[in-house]
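Structure, as C-alpha coordinates:
The values are calculated or read from the model by the stated rules, or taken from the named source; none is laboratory data. Everything numeric in this text was worked out from a predicted model, so none of it was measured. All Cβ positions, glycine included, derive from the backbone under ideal geometry; neighbour counts span all protein chains shown. With ligands, DNA and RNA removed, areas are computed over all heavy atoms of the protein, side chains included. Shrake-Rupley method; radii C 1.70, N 1.55, O 1.52, S 1.80 Å.
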Amino acid sequence: MATQLTPVDLVVIGGGPGGYVAAIRAAQLGLQTVCVEMERTLGGTCVNIGCIPSKALLDSSHHYEFAAHGAKAHGIGIGDLTIDVATMLKRKDDVVGQNTKGLEFLFRKNKITWARGRGTLRPGNVVDVTPSESGDAASYQAKHVIIATGSVPVELPFLRFDEERVLSNVGALKIAHVPKHLIVIGGGVIGLELGSVWRRLGAKVTVIELMATILPGMDDELVKEATRVFSRQGLELRTGTKVTAGRREGDRVTVEIAKDGGAETLEGDYVLVAVGRRPSLEGIDASALGLELGRRGEILVDDQMRTNLPNVYAIGDCVPGPMLAHKAEEEGVVAAEVIAGQQAHMHYRSIPGIVYTWPEIAAVGMTEREARESGREYRVGRFPFTANGRARTAGETAGFVKFVADARTDELLGCHMVGPSVSELVAEVVLAFEYGASSDDIGLTVHAHPTLSEAVKEAALGALGRAVHI
Ligand SMILES: Cc1cc2nc3c(=O)[nH]c(=O)nc-3n(C[C@H](O)[C@H](O)[C@H](O)COP(=O)(O)OP(=O)(O)OC[C@H]3O[C@@H](n4cnc5c(N)ncnc54)[C@H](O)[C@@H]3O)c2cc1C
(Lines give C-alpha, C1' and ligand atoms only; values in the text may rest on other atoms or scores of the structure.)
Protein backbone atom coordinates (compact mmCIF):
# COMPACT_ATOMS: atom_id res chain seq x y z
CA MET A 1 0.00 0.00 0.00
CA ALA A 2 1.36 3.44 -0.91
CA THR A 3 2.34 5.56 2.09
CA GLN A 4 -0.06 8.41 2.68
CA LEU A 5 1.29 11.88 1.99
CA THR A 6 1.26 14.17 5.04
CA PRO A 7 1.06 17.85 4.06
CA VAL A 8 3.47 20.18 5.92
CA ASP A 9 4.79 23.70 5.46
CA LEU A 10 8.46 22.74 5.52
CA VAL A 11 10.65 19.65 5.41
CA VAL A 12 14.31 20.13 6.27
CA ILE A 13 16.51 17.25 5.11
CA GLY A 14 19.44 16.98 7.54
CA GLY A 15 19.67 17.88 11.23
CA GLY A 16 23.16 19.45 11.37
CA PRO A 17 23.85 23.10 12.31
CA GLY A 18 22.31 24.24 9.03
CA GLY A 19 19.24 22.02 9.23
CA TYR A 20 18.41 22.19 12.92
CA VAL A 21 18.81 25.99 13.04
CA ALA A 22 16.63 26.38 9.93
CA ALA A 23 14.00 24.13 11.55
CA ILE A 24 14.01 26.09 14.80
CA ARG A 25 13.80 29.49 13.06
CA ALA A 26 11.01 28.25 10.78
CA ALA A 27 9.05 26.91 13.74
CA GLN A 28 9.54 30.22 15.58
CA LEU A 29 7.98 31.91 12.54
CA GLY A 30 4.94 29.65 12.74
CA LEU A 31 5.75 27.10 10.03
CA GLN A 32 4.74 23.52 10.63
CA THR A 33 8.18 21.92 10.35
CA VAL A 34 9.57 18.42 9.93
CA CYS A 35 13.33 17.79 10.12
CA VAL A 36 14.58 14.49 8.68
CA GLU A 37 17.80 13.17 10.23
CA MET A 38 19.06 9.66 9.60
CA GLU A 39 21.65 9.44 12.40
CA ARG A 40 20.68 8.48 15.95
CA THR A 41 21.25 12.01 17.21
CA LEU A 42 20.65 15.53 15.95
CA GLY A 43 23.51 17.97 15.42
CA GLY A 44 25.18 16.57 12.31
CA THR A 45 28.91 16.54 11.72
CA CYS A 46 29.52 19.54 13.95
CA VAL A 47 27.98 18.26 17.16
CA ASN A 48 28.69 14.55 16.77
CA ILE A 49 31.97 14.14 14.89
CA GLY A 50 33.31 17.65 14.28
CA CYS A 51 33.41 20.97 16.12
CA ILE A 52 32.23 19.85 19.54
CA PRO A 53 34.13 16.57 20.11
CA SER A 54 37.32 18.00 18.58
CA LYS A 55 37.16 21.00 20.92
CA ALA A 56 36.50 18.72 23.90
CA LEU A 57 39.69 16.78 23.09
CA LEU A 58 41.60 20.00 22.39
CA ASP A 59 40.57 21.30 25.82
CA SER A 60 41.57 18.07 27.59
CA SER A 61 44.91 17.85 25.82
CA HIS A 62 45.53 21.56 26.45
CA HIS A 63 45.16 20.96 30.20
CA TYR A 64 47.53 18.01 29.94
CA GLU A 65 50.13 20.05 28.10
CA PHE A 66 49.85 22.82 30.68
CA ALA A 67 50.31 20.31 33.49
CA ALA A 68 53.29 18.76 31.72
CA HIS A 69 55.08 21.88 30.54
CA GLY A 70 53.37 25.08 31.69
CA ALA A 71 52.54 24.57 35.36
CA LYS A 72 56.13 24.54 36.63
CA ALA A 73 56.73 28.18 35.67
CA HIS A 74 53.79 29.13 37.92
CA GLY A 75 55.39 27.26 40.83
CA ILE A 76 52.90 24.43 40.53
CA GLY A 77 54.44 21.02 41.00
CA ILE A 78 52.59 18.03 39.64
CA GLY A 79 53.77 14.57 40.60
CA ASP A 80 53.38 11.62 38.29
CA LEU A 81 51.42 12.94 35.37
CA THR A 82 49.23 10.41 33.58
CA ILE A 83 46.68 10.51 30.83
CA ASP A 84 43.70 8.19 30.98
CA VAL A 85 42.57 8.25 27.36
CA ALA A 86 39.39 6.27 28.12
CA THR A 87 38.23 8.94 30.59
CA MET A 88 39.14 11.71 28.18
CA LEU A 89 37.11 10.04 25.40
CA LYS A 90 34.18 9.41 27.73
CA ARG A 91 34.16 13.04 28.78
CA LYS A 92 34.13 14.03 25.10
CA ASP A 93 31.19 11.68 24.48
CA ASP A 94 29.36 13.14 27.49
CA VAL A 95 29.86 16.67 26.13
CA VAL A 96 28.47 15.57 22.77
CA GLY A 97 25.53 13.92 24.56
CA GLN A 98 24.71 17.12 26.45
CA ASN A 99 24.59 18.97 23.15
CA THR A 100 22.47 16.44 21.28
CA LYS A 101 20.01 16.18 24.17
CA GLY A 102 19.83 19.98 24.19
CA LEU A 103 18.82 19.91 20.53
CA GLU A 104 16.08 17.33 21.19
CA PHE A 105 14.77 19.63 23.91
CA LEU A 106 14.78 22.57 21.48
CA PHE A 107 12.88 20.49 18.92
CA ARG A 108 10.24 19.58 21.50
CA LYS A 109 10.04 23.19 22.71
CA ASN A 110 9.48 24.44 19.16
CA LYS A 111 7.14 21.58 18.22
CA ILE A 112 9.36 20.37 15.38
CA THR A 113 8.81 16.81 14.23
CA TRP A 114 12.03 14.84 14.00
CA ALA A 115 11.49 12.23 11.27
CA ARG A 116 14.15 9.66 12.14
CA GLY A 117 15.35 8.19 8.91
CA ARG A 118 16.82 8.79 5.51
CA GLY A 119 15.01 11.41 3.51
CA THR A 120 14.66 11.17 -0.25
CA LEU A 121 13.50 14.18 -2.24
CA ARG A 122 11.15 13.35 -5.10
CA PRO A 123 9.86 15.71 -7.82
CA GLY A 124 6.98 17.89 -6.64
CA ASN A 125 8.59 18.44 -3.21
CA VAL A 126 7.63 15.07 -1.81
CA VAL A 127 10.02 13.77 0.83
CA ASP A 128 10.02 10.06 1.62
CA VAL A 129 11.48 8.98 4.93
CA THR A 130 12.90 5.46 5.26
CA PRO A 131 13.32 4.72 8.98
CA SER A 132 16.95 4.24 10.10
CA GLU A 133 16.01 1.60 12.65
CA SER A 134 12.48 0.55 13.50
CA GLY A 135 9.33 2.48 12.80
CA ASP A 136 7.09 3.26 9.91
CA ALA A 137 8.02 4.87 6.63
CA ALA A 138 6.52 8.31 6.06
CA SER A 139 6.02 10.63 3.13
CA TYR A 140 5.54 14.37 3.31
CA GLN A 141 4.09 16.73 0.75
CA ALA A 142 6.07 19.83 1.58
CA LYS A 143 5.19 23.38 0.58
CA HIS A 144 8.89 24.13 0.97
CA VAL A 145 12.01 21.98 1.27
CA ILE A 146 15.42 22.89 2.67
CA ILE A 147 18.27 20.58 1.70
CA ALA A 148 20.87 20.54 4.51
CA THR A 149 22.62 17.26 3.83
CA GLY A 150 26.09 18.49 4.80
CA SER A 151 29.39 17.03 3.66
CA VAL A 152 31.56 13.94 3.91
CA PRO A 153 35.36 13.57 4.06
CA VAL A 154 37.27 13.10 0.82
CA GLU A 155 38.99 9.70 0.62
CA LEU A 156 42.30 8.92 -1.05
CA PRO A 157 41.83 6.03 -3.50
CA PHE A 158 44.85 4.18 -2.11
CA LEU A 159 43.99 4.79 1.56
CA ARG A 160 40.35 3.92 2.15
CA PHE A 161 39.01 4.76 5.60
CA ASP A 162 38.72 1.77 7.92
CA GLU A 163 38.46 4.05 11.00
CA GLU A 164 40.83 1.69 12.84
CA ARG A 165 44.20 2.70 11.43
CA VAL A 166 43.25 4.72 8.36
CA LEU A 167 41.17 7.46 9.90
CA SER A 168 38.87 10.27 8.93
CA ASN A 169 37.78 12.75 11.62
CA VAL A 170 35.45 10.00 12.88
CA GLY A 171 38.24 7.58 13.83
CA ALA A 172 40.69 10.30 14.88
CA LEU A 173 38.24 11.39 17.58
CA LYS A 174 38.27 7.99 19.25
CA ILE A 175 41.80 6.58 19.12
CA ALA A 176 41.89 4.43 22.25
CA HIS A 177 45.49 5.16 23.27
CA VAL A 178 48.14 7.74 22.45
CA PRO A 179 49.62 6.83 19.06
CA LYS A 180 53.37 6.38 18.70
CA HIS A 181 53.39 8.02 15.31
CA LEU A 182 50.32 9.64 13.81
CA ILE A 183 50.72 10.61 10.18
CA VAL A 184 48.35 13.40 9.18
CA ILE A 185 47.70 13.95 5.49
CA GLY A 186 46.50 17.53 5.06
CA GLY A 187 47.78 20.64 6.83
CA GLY A 188 44.41 22.39 6.99
CA VAL A 189 42.26 23.14 10.00
CA ILE A 190 41.09 19.60 10.77
CA GLY A 191 44.54 18.02 10.35
CA LEU A 192 46.23 20.61 12.56
CA GLU A 193 43.58 20.52 15.27
CA LEU A 194 43.40 16.75 15.57
CA GLY A 195 47.16 16.42 15.07
CA SER A 196 47.66 18.86 17.95
CA VAL A 197 45.46 16.81 20.28
CA TRP A 198 47.62 13.71 19.96
CA ARG A 199 50.93 15.60 19.79
CA ARG A 200 50.16 17.25 23.12
CA LEU A 201 49.56 13.85 24.66
CA GLY A 202 52.95 12.58 23.53
CA ALA A 203 52.50 11.19 20.01
CA LYS A 204 54.97 11.93 17.28
CA VAL A 205 52.87 13.71 14.65
CA THR A 206 53.93 14.30 11.05
CA VAL A 207 51.74 16.57 8.94
CA ILE A 208 52.06 16.26 5.18
CA GLU A 209 50.76 19.11 3.06
CA LEU A 210 50.77 19.26 -0.71
CA MET A 211 50.75 23.06 -0.90
CA ALA A 212 53.78 25.20 -0.11
CA THR A 213 52.49 26.07 3.37
CA ILE A 214 50.13 24.79 6.01
CA LEU A 215 46.72 26.54 6.19
CA PRO A 216 46.67 27.46 2.51
CA GLY A 217 44.63 30.57 1.82
CA MET A 218 45.21 32.22 5.19
CA ASP A 219 47.28 35.40 5.58
CA ASP A 220 50.98 34.79 4.81
CA GLU A 221 52.30 36.39 8.01
CA LEU A 222 49.85 34.47 10.13
CA VAL A 223 50.84 31.20 8.44
CA LYS A 224 54.52 31.99 9.03
CA GLU A 225 53.98 32.58 12.74
CA ALA A 226 51.79 29.47 13.09
CA THR A 227 54.41 27.39 11.29
CA ARG A 228 57.12 28.66 13.62
CA VAL A 229 55.11 27.96 16.78
CA PHE A 230 53.76 24.56 15.71
CA SER A 231 57.24 23.41 14.66
CA ARG A 232 58.65 24.51 18.01
CA GLN A 233 55.89 22.54 19.72
CA GLY A 234 57.11 19.43 17.90
CA LEU A 235 54.64 19.04 15.04
CA GLU A 236 56.70 17.86 12.08
CA LEU A 237 55.42 19.86 9.11
CA ARG A 238 56.26 18.53 5.66
CA THR A 239 54.94 21.09 3.20
CA GLY A 240 55.17 21.00 -0.60
CA THR A 241 55.04 17.24 -0.22
CA LYS A 242 52.86 14.82 -2.11
CA VAL A 243 51.51 11.55 -0.79
CA THR A 244 51.89 9.06 -3.64
CA ALA A 245 50.81 5.81 -2.01
CA GLY A 246 49.81 4.30 1.30
CA ARG A 247 48.73 1.06 2.88
CA ARG A 248 47.82 -0.57 6.13
CA GLU A 249 49.41 -3.80 7.26
CA GLY A 250 48.05 -5.01 10.58
CA ASP A 251 48.72 -2.35 13.16
CA ARG A 252 51.07 -0.39 10.94
CA VAL A 253 50.47 2.17 8.23
CA THR A 254 52.94 3.12 5.52
CA VAL A 255 52.77 6.33 3.54
CA GLU A 256 54.95 7.08 0.52
CA ILE A 257 55.78 10.74 0.02
CA ALA A 258 57.57 12.70 -2.67
CA LYS A 259 59.14 16.16 -2.64
CA ASP A 260 61.41 17.85 -5.19
CA GLY A 261 62.09 14.61 -7.02
CA GLY A 262 63.00 12.72 -3.84
CA ALA A 263 60.89 9.93 -2.33
CA GLU A 264 60.55 8.73 1.25
CA THR A 265 58.54 6.18 3.16
CA LEU A 266 56.92 7.10 6.46
CA GLU A 267 55.75 4.46 8.90
CA GLY A 268 53.27 5.05 11.65
CA ASP A 269 50.60 3.32 13.68
CA TYR A 270 47.76 5.59 12.47
CA VAL A 271 47.14 7.81 9.49
CA LEU A 272 44.56 10.60 9.51
CA VAL A 273 43.44 11.60 6.03
CA ALA A 274 42.22 15.21 6.26
CA VAL A 275 42.45 16.36 2.65
CA GLY A 276 39.10 18.10 2.52
CA ARG A 277 35.38 17.47 2.49
CA ARG A 278 32.88 17.31 -0.32
CA PRO A 279 29.17 18.09 -0.41
CA SER A 280 26.90 15.18 0.46
CA LEU A 281 23.86 14.64 -1.74
CA GLU A 282 22.52 11.64 0.12
CA GLY A 283 18.87 11.15 -0.89
CA ILE A 284 19.06 13.92 -3.50
CA ASP A 285 19.19 12.63 -7.07
CA ALA A 286 20.21 15.92 -8.63
CA SER A 287 19.95 14.83 -12.25
CA ALA A 288 16.53 13.20 -11.82
CA LEU A 289 15.27 16.29 -10.01
CA GLY A 290 16.92 18.72 -12.42
CA LEU A 291 18.79 20.32 -9.50
CA GLU A 292 21.64 22.57 -10.63
CA LEU A 293 25.06 21.71 -9.22
CA GLY A 294 28.48 23.39 -9.35
CA ARG A 295 31.81 21.84 -10.34
CA ARG A 296 32.47 20.25 -6.93
CA GLY A 297 28.97 18.79 -6.78
CA GLU A 298 27.71 21.61 -4.54
CA ILE A 299 24.11 22.79 -4.88
CA LEU A 300 23.95 26.22 -6.49
CA VAL A 301 21.87 28.81 -4.64
CA ASP A 302 21.14 32.53 -4.75
CA ASP A 303 21.71 34.89 -1.83
CA GLN A 304 18.35 33.84 -0.35
CA MET A 305 19.41 30.16 -0.47
CA ARG A 306 17.01 29.30 -3.31
CA THR A 307 18.00 26.50 -5.67
CA ASN A 308 16.77 26.43 -9.27
CA LEU A 309 13.82 24.22 -8.22
CA PRO A 310 10.59 25.92 -7.10
CA ASN A 311 10.36 26.19 -3.29
CA VAL A 312 13.52 24.13 -2.76
CA TYR A 313 16.32 25.79 -0.76
CA ALA A 314 19.78 24.51 0.21
CA ILE A 315 22.17 25.53 3.00
CA GLY A 316 25.38 24.59 4.76
CA ASP A 317 28.24 22.40 3.60
CA CYS A 318 26.29 21.18 0.55
CA VAL A 319 26.27 24.69 -0.99
CA PRO A 320 29.22 26.92 -2.02
CA GLY A 321 31.34 28.76 0.55
CA PRO A 322 33.44 27.84 3.55
CA MET A 323 32.42 24.61 5.28
CA LEU A 324 31.77 26.11 8.71
CA ALA A 325 29.02 25.53 11.22
CA HIS A 326 28.29 29.22 11.83
CA LYS A 327 28.01 29.83 8.08
CA ALA A 328 25.54 26.91 7.83
CA GLU A 329 23.53 28.31 10.75
CA GLU A 330 23.23 31.78 9.22
CA GLU A 331 22.16 30.28 5.91
CA GLY A 332 19.56 28.25 7.80
CA VAL A 333 18.12 31.41 9.34
CA VAL A 334 18.05 33.16 5.96
CA ALA A 335 16.28 30.24 4.25
CA ALA A 336 13.66 29.96 7.03
CA GLU A 337 12.98 33.69 7.05
CA VAL A 338 12.67 33.88 3.25
CA ILE A 339 10.22 30.96 3.31
CA ALA A 340 8.22 32.79 5.98
CA GLY A 341 8.00 35.80 3.67
CA GLN A 342 10.73 37.97 5.17
CA GLN A 343 13.44 39.84 3.24
CA ALA A 344 16.56 38.06 4.50
CA HIS A 345 19.77 37.83 2.46
CA MET A 346 23.02 35.97 3.05
CA HIS A 347 26.27 37.87 2.77
CA TYR A 348 29.66 36.34 3.28
CA ARG A 349 32.00 39.23 4.03
CA SER A 350 32.08 38.82 7.78
CA ILE A 351 32.39 35.09 8.32
CA PRO A 352 35.27 34.37 10.66
CA GLY A 353 37.46 31.32 10.24
CA ILE A 354 39.12 29.83 13.30
CA VAL A 355 41.75 27.19 13.99
CA TYR A 356 41.47 25.95 17.57
CA THR A 357 45.09 25.00 18.03
CA TRP A 358 47.14 26.70 20.74
CA PRO A 359 47.93 29.43 20.06
CA GLU A 360 44.63 29.85 18.30
CA ILE A 361 44.22 31.39 14.87
CA ALA A 362 41.31 33.58 13.78
CA ALA A 363 40.67 35.60 10.68
CA VAL A 364 37.97 37.59 8.98
CA GLY A 365 37.96 39.44 5.69
CA MET A 366 40.76 39.94 3.17
CA THR A 367 44.31 38.71 3.63
CA GLU A 368 47.05 41.24 2.97
CA ARG A 369 47.82 39.43 -0.29
CA GLU A 370 44.17 39.76 -1.38
CA ALA A 371 44.22 43.47 -0.54
CA ARG A 372 47.41 43.87 -2.58
CA GLU A 373 46.00 41.92 -5.51
CA SER A 374 42.80 43.96 -5.44
CA GLY A 375 44.95 46.92 -6.43
CA ARG A 376 43.74 49.19 -3.67
CA GLU A 377 45.99 51.13 -1.34
CA TYR A 378 45.99 49.66 2.11
CA ARG A 379 47.67 50.05 5.47
CA VAL A 380 48.64 47.35 7.93
CA GLY A 381 48.61 47.58 11.73
CA ARG A 382 50.16 44.88 13.91
CA PHE A 383 50.44 44.33 17.60
CA PRO A 384 52.35 41.42 19.13
CA PHE A 385 51.13 39.63 22.26
CA THR A 386 54.64 40.02 23.74
CA ALA A 387 53.67 43.68 24.29
CA ASN A 388 50.28 42.89 25.87
CA GLY A 389 50.22 42.91 29.67
CA ARG A 390 47.55 40.24 30.07
CA ALA A 391 49.30 37.87 27.67
CA ARG A 392 52.44 38.28 29.76
CA THR A 393 50.61 37.50 33.02
CA ALA A 394 49.37 34.30 31.41
CA GLY A 395 52.76 33.47 29.88
CA GLU A 396 51.07 33.28 26.46
CA THR A 397 52.99 35.74 24.35
CA ALA A 398 53.21 33.98 20.98
CA GLY A 399 51.44 35.64 18.07
CA PHE A 400 49.94 38.98 17.09
CA VAL A 401 46.86 40.81 15.86
CA LYS A 402 47.06 42.28 12.38
CA PHE A 403 44.62 44.60 10.63
CA VAL A 404 44.47 45.43 6.95
CA ALA A 405 42.63 48.72 6.34
CA ASP A 406 41.92 50.81 3.26
CA ALA A 407 44.54 53.58 3.14
CA ARG A 408 42.10 56.16 1.80
CA THR A 409 38.91 55.50 3.73
CA ASP A 410 40.27 53.58 6.77
CA GLU A 411 37.60 50.91 6.11
CA LEU A 412 38.54 47.61 7.74
CA LEU A 413 39.38 45.05 5.06
CA GLY A 414 40.73 42.14 7.05
CA CYS A 415 41.91 41.02 10.46
CA HIS A 416 44.27 38.14 11.16
CA MET A 417 45.18 36.92 14.61
CA VAL A 418 47.32 34.22 16.06
CA GLY A 419 47.56 34.05 19.83
CA PRO A 420 45.83 33.12 23.07
CA SER A 421 42.01 32.94 22.95
CA VAL A 422 41.81 34.81 19.64
CA SER A 423 38.75 32.68 18.81
CA GLU A 424 36.93 34.93 21.28
CA LEU A 425 38.70 38.17 20.33
CA VAL A 426 37.63 37.94 16.70
CA ALA A 427 33.95 38.46 17.64
CA GLU A 428 34.64 42.15 18.27
CA VAL A 429 36.17 42.52 14.84
CA VAL A 430 33.29 40.71 13.13
CA LEU A 431 30.87 43.10 14.82
CA ALA A 432 33.02 46.02 13.67
CA PHE A 433 32.88 44.68 10.10
CA GLU A 434 29.10 44.32 10.29
CA TYR A 435 28.74 47.91 11.41
CA GLY A 436 31.14 49.14 8.75
CA ALA A 437 33.59 50.38 11.38
CA SER A 438 37.02 51.83 10.60
CA SER A 439 40.25 51.10 12.42
CA ASP A 440 39.83 54.53 14.01
CA ASP A 441 36.48 53.38 15.47
CA ILE A 442 38.14 50.39 17.15
CA GLY A 443 41.07 52.55 18.23
CA LEU A 444 38.67 55.03 19.88
CA THR A 445 36.84 52.30 21.78
CA VAL A 446 37.79 51.76 25.42
CA HIS A 447 39.11 48.25 26.01
CA ALA A 448 39.44 47.05 29.61
CA HIS A 449 42.92 46.71 31.05
CA PRO A 450 44.59 44.31 31.34
CA THR A 451 42.90 42.19 28.68
CA LEU A 452 43.99 40.40 25.55
CA SER A 453 41.47 42.57 23.70
CA GLU A 454 43.79 45.54 24.09
CA ALA A 455 45.92 43.90 21.39
CA VAL A 456 42.97 44.37 19.01
CA LYS A 457 42.71 48.07 19.85
CA GLU A 458 46.48 48.56 19.56
CA ALA A 459 46.65 46.79 16.18
CA ALA A 460 43.82 49.00 14.92
CA LEU A 461 45.68 52.07 16.17
CA GLY A 462 48.79 50.63 14.51
CA ALA A 463 47.07 50.86 11.13
CA LEU A 464 46.86 54.63 11.79
CA GLY A 465 50.44 54.87 13.10
CA ARG A 466 49.14 55.55 16.63
CA ALA A 467 49.79 52.36 18.61
CA VAL A 468 50.79 53.30 22.16
CA HIS A 469 52.43 50.28 23.74
CA ILE A 470 54.93 49.50 21.04
C1 LIG B 1 36.73 17.41 12.75
C2 LIG B 1 35.91 18.59 12.36
C3 LIG B 1 35.96 19.74 13.12
C4 LIG B 1 35.20 20.83 12.77
N5 LIG B 1 35.28 21.94 13.55
C6 LIG B 1 34.58 23.04 13.22
C7 LIG B 1 34.63 24.20 14.04
O8 LIG B 1 35.32 24.22 15.05
N9 LIG B 1 33.89 25.26 13.68
C10 LIG B 1 33.11 25.26 12.55
O11 LIG B 1 32.47 26.27 12.26
N12 LIG B 1 33.03 24.16 11.76
C13 LIG B 1 33.74 23.06 12.08
N14 LIG B 1 33.63 21.95 11.30
C15 LIG B 1 32.75 22.00 10.12
C16 LIG B 1 31.30 21.79 10.53
O17 LIG B 1 31.18 20.58 11.20
C18 LIG B 1 30.41 21.82 9.30
O19 LIG B 1 30.64 23.00 8.57
C20 LIG B 1 28.93 21.78 9.71
O21 LIG B 1 28.65 20.62 10.43
C22 LIG B 1 28.05 21.86 8.47
O23 LIG B 1 26.71 21.80 8.84
P24 LIG B 1 25.58 21.21 7.88
O25 LIG B 1 24.32 21.33 8.63
O26 LIG B 1 25.70 21.84 6.56
O27 LIG B 1 25.98 19.69 7.65
P28 LIG B 1 26.27 18.49 8.63
O29 LIG B 1 26.68 18.95 9.97
O30 LIG B 1 27.19 17.58 7.89
O31 LIG B 1 24.85 17.81 8.83
C32 LIG B 1 24.20 17.16 7.79
C33 LIG B 1 23.27 16.16 8.42
O34 LIG B 1 22.39 15.69 7.44
C35 LIG B 1 22.16 14.32 7.64
N36 LIG B 1 21.72 13.78 6.36
C37 LIG B 1 22.38 13.83 5.19
N38 LIG B 1 21.63 13.33 4.20
C39 LIG B 1 20.46 12.93 4.78
C40 LIG B 1 19.30 12.33 4.28
N41 LIG B 1 19.13 12.06 2.98
N42 LIG B 1 18.31 12.06 5.15
C43 LIG B 1 18.44 12.34 6.47
N44 LIG B 1 19.52 12.91 6.99
C45 LIG B 1 20.53 13.22 6.15
C46 LIG B 1 23.50 13.78 8.11
O47 LIG B 1 23.33 12.58 8.82
C48 LIG B 1 23.97 14.93 8.98
O49 LIG B 1 23.59 14.74 10.32
C50 LIG B 1 34.37 20.81 11.63
C51 LIG B 1 34.28 19.64 10.86
C52 LIG B 1 35.04 18.55 11.22
C53 LIG B 1 34.93 17.31 10.40
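Structure notes:
- Residues of the chain: accessible area per residue with a 1.4 Å probe, Å²: 45
- Dipole orientation for region 204-319: of the candidates C318, G262, Q233, G262 has the Cα lying most toward the positive pole (charges on Cβ; Lys, Arg +1; Asp, Glu -1).
- Percent breakdown of C-alpha pair distances by 5 Å bin, ordered from the shortest bin, for region 217-274: 4, 15, 20, 19, 21, 14, 5, 2, 0
- With the charge dipole of region 86-126 set up from +1 on Lys and Arg Cβ and -1 on Asp and Glu Cβ about the Cα centre, the Cα lying farthest toward the positive end among the listed residues V95, W114, N125 is that of N125.
- Considered as an equivalent ellipsoid built on the Cα gyration tensor, region 410-449 has semi-axes of 17, 13, 9 Å, the largest given first.
- Kirkwood hydrodynamic radius of the chain, from inverse mean 1/r over distinct Cα pairs, in Å: 24.0
- Protection proxy ranking, peptides 181-187, 306-312, average beta carbon neighbours within 10 Å, highest first: 181-187, 306-312
- Cα-centre dipole for region 159-288 with unit charges at Cβ (Lys and Arg positive, Asp and Glu negative), debye to 20: 300
- In a DSSP loop and with at most 15 other Cβ atoms within 10 Å, the chymotrypsin sites (Phe, Trp or Tyr not before Pro) in region 377-436 are Y435.
- For region 174-288: rounded, prolate or oblate by the Cα gyration tensor [a/c cutoff 1.5]: rounded
- Within region 70-178, trypsin sites (Lys or Arg not before Pro) in DSSP loop having at most 13 other beta-carbon neighbours inside 10 Å: K111, R160
- Applying both filters, DSSP loop and at most 14 other Cβ atoms within 10 Å, to the chymotrypsin sites (Phe, Trp or Tyr not before Pro) of region 128-228 gives F158.
- Debye log10 I(q)/I(0) at q = 0.13 Å⁻¹ for region 355-407, Cα point scatterers: -0.42
- Selected from S453, V430, I470, residue furthest toward positive end of dipole (region 315-470; charges at beta carbon): I470
- With every protein chain in place, the chain: carbon and sulfur % of accessible area (1.4 Å): 52
- Each of I76 and D59 was given a label point 7 Å from its Cα along the Cα-to-Cβ line. The distance between the two points is 1.6 nm.
- Reduced Cα scattering model of region 72-211, Debye log10 I(q)/I(0), q = 0.15 Å⁻¹: -1.01
- Using Cβ point charges alone (K and R +1, D and E -1), the dipole size of the chain about the Cα centre works out to roughly 500 debye.
- Pairs of Cα atoms farther than 10 Å apart, region 1-41, %: 70
- Per-residue [θ]222 nm for the chain (sum of -39500 (n - 2.57) over DSSP H runs n ≥ 4, rounded to 500): -9500 deg cm²/dmol
- Based on Cα atoms of region 313-372, Rg over Rh with Rh as the Kirkwood radius reads 1.07.
- Here r is the Cβ-Cβ distance between T409 and A68 and R0 is 60 Å; the resulting FRET efficiency, rounded to 0.05, is 0.80.
- Volume per residue of the C-alpha convex hull in region 55-135, rounded to whole Å³: 165
- Translational diffusion coefficient (Stokes-Einstein; Kirkwood radius from C-alpha pairs) of region 214-343 at 10 °C, 1.306 mPa s, in µm²/s: 85
- Counting only Cα atoms, region 205-245 measures 31, 23, 9 Å along its principal axes, largest extent leading.
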